[in-house]
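In what follows, a single structure is set out as structure tokens and then discussed.
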Amino acid sequence: MGGGLLDGGGRLTVRKAWIAVGVAGGSAVAFVMLLAVGVYVVAGSLAGGAGGGAAKTLAKGAVPAEYQKLVATWGNLCPAINPALLAAQLYQESGFNPKAQSHAAAQGIAQFIPGTWATHGVDGDGDGDRDVWDPKDAIPSAATYDCALAGYVKDVPGNPTENMLASYNAGAYAVIKYSGVPPYKETQNYVQRILSLEKSFAAPVGRVDPSEQAAGAIAYAQKKLGTLYLWGGNGTADQGGRFDCSGLTKAAYESVGITLPRVANDQYNAGPHPAREELLPGDLVFFSDDLTNSRAIRHVGIYVGGGYMINAPRPGAVIRFDPIDTPDYFGATRVTEDGAKALPATV
């Protein structure tokens, strides 16, 4: 959960919302927030909502490289789905784990139950068999099943994608009966969860809005500067208030009412992904030895501006500021409440 990042040296240049002050006792540096609202004055001038109507393509590295082409191709099978939506379903179902098996006997990367697989499984790779454990069959089958469901409810009023997702959860009959998403809390939550997750798998088509909680998360992390790293640390009293990298980011956002998952590679899916030149204070920044696969992310920090982050780097180090522009920089996430709520508890 920690990465071997180098110490940041020299002077730090940050946005006007932050001022650097010296701290007695050596080389430690602290950032003090001048005005919380300043972050959003600056951010608001930079951020414009994502444009609508554009085809959704996959965000860089959001899908493991070995599945990227499959998801990109089969995600365009019919108008009710797109690659980012299909990726969101696969992540929700299995975390892209082709060996996943649930207590309800759901199997593989797309979590088909045997009866549904028998009816809707397809030979996606044309090798003569239909193997629920093979992503080359299971991913095409998931897309085919989505499109079949969309076909069943094509005459139902409302949004075709929402009706398709509701059919996936509750069955097409329920969607037809209620002329749209049925009044089942579980189904309504499922539809919103996948639509929220979809945004974290789609490449942004414009600047994404800044998080309103970003300043509070940074303020929390600032107070932990100088705290010794602890692998698996959540900052609890029995751990001496110590953290590892994702424990710190989780606690920082929890302090402003947003619950993130525990590990860094799941935190990556808590919102859309701004480009490096679009980073704002409060964005989570991620690092990996495999820049094609978000599931391989091994480190996370909180961006503070000027090319620096607050992070818990590694055993033996303390929570500190480090530069983000290293060869293992993977990308960033602008945390949103809806994105965080959509994440499965375990994948």
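The values are calculated or read from the model by the stated rules, or taken from the named source; none is laboratory data. The structure displayed is predicted, hence computed values, not measured ones. Positions of Cβ are generated from backbone atoms using ideal geometry, with glycine treated the same way; all protein chains shown enter the neighbour counts. Note: areas computed on protein heavy atoms with side chains; ligands, DNA, RNA excluded. Shrake-Rupley method; radii C 1.70, N 1.55, O 1.52, S 1.80 Å.
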Heavy-atom accessible area of region 134-206 with neighbours in place, 1.4 angstrom probe: carbon+sulfur share in percent works out to 52 percent
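Starting from the Cα-Cα distance between THR236 and ARG262, subtract it from 0.36 nm times their residue separation and give me the gain in nm to one decimal.
So the chain would gain 8.0 nm between THR236 and ARG262.
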Rounded, prolate or oblate (a/c below 1.5 giving rounded, otherwise prolate when a/b exceeds b/c) for region 212-342 by Cα gyration tensor: rounded
Set Lys and Arg Cβ to +1 and Asp and Glu Cβ to -1, take the dipole of region 212-342 about its Cα centre, and tell me which of GLN222, HIS273, PHE330 lies farthest positive. GLN222
Between region 73-152 and region 315-336, what is the separation of their alpha carbon centroids in Å? 34 Å
Under a point-charge model restricted to the Cβ atoms of Lys and Arg (+1) and Asp and Glu (-1), what is the dipole moment magnitude of region 207-347 relative to its Cα centre, in debye to the nearest 20? 360 debye
Along Cα→Cβ, 7 Å out, is where each label goes; now give me the distance between the ones at ALA148 and THR326 in nm to one decimal. 4.8 nm
Charge context of VAL63, other residues only, Cβ under 11 angstrom, K/R +1, D/E -1: +2
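In square angstrom, what is the accessible area per residue of region 51-139 with a 1.4 angstrom probe? Mind dumping the intermediate values first?
On the way: 4060 Å² over 89 residues.
Value for region 51-139: 46 Å² per residue.
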Averaged per residue, what accessible surface does region 212-342 expose to a 1.4 Å probe, in Å²? 33 Å²
Accessible area of region 212-342 with a 1.4 Å probe: how many percent of it is carbon plus sulfur? 51 percent
Grab the Cα-Cα distance for ALA105 and THR73, subtract it from 0.36 nm times how many residues apart they are, and report the gain in nm with one decimal. 8.7 nm
Can you check what the net charge comes to around LYS99, using other residues whose Cβ is under 15 Å from the Cβ of LYS99 (Lys, Arg +1; Asp, Glu -1)? -3
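Given 0.36 nm per residue, what is the gain on full extension from LYS185 to ALA118 after removing their alpha carbon distance, in nm?
Stretched out fully, the LYS185 to ALA118 stretch lengthens by 21.3 nm.
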Förster-model FRET efficiency, 25 Å R0, GLU212 and GLU66, C-beta, rounded to 0.05: 0.10
Efficiency of FRET between ILE176 and GLU277 - r from beta-carbon atoms, R0 45 angstrom, step 0.05: 0.40
Do any chymotrypsin sites (Phe, Trp or Tyr not before Pro) in region 94-156 lie in a DSSP loop with no more than 15 other beta carbon atoms within 10 Å, and if so, which? TRP133
From the Cα gyration tensor of region 65-201, with a ≥ b ≥ c the square roots of its eigenvalues, which class applies: rounded if a/c is under 1.5, or else prolate if a/b is larger than b/c, or else oblate? prolate
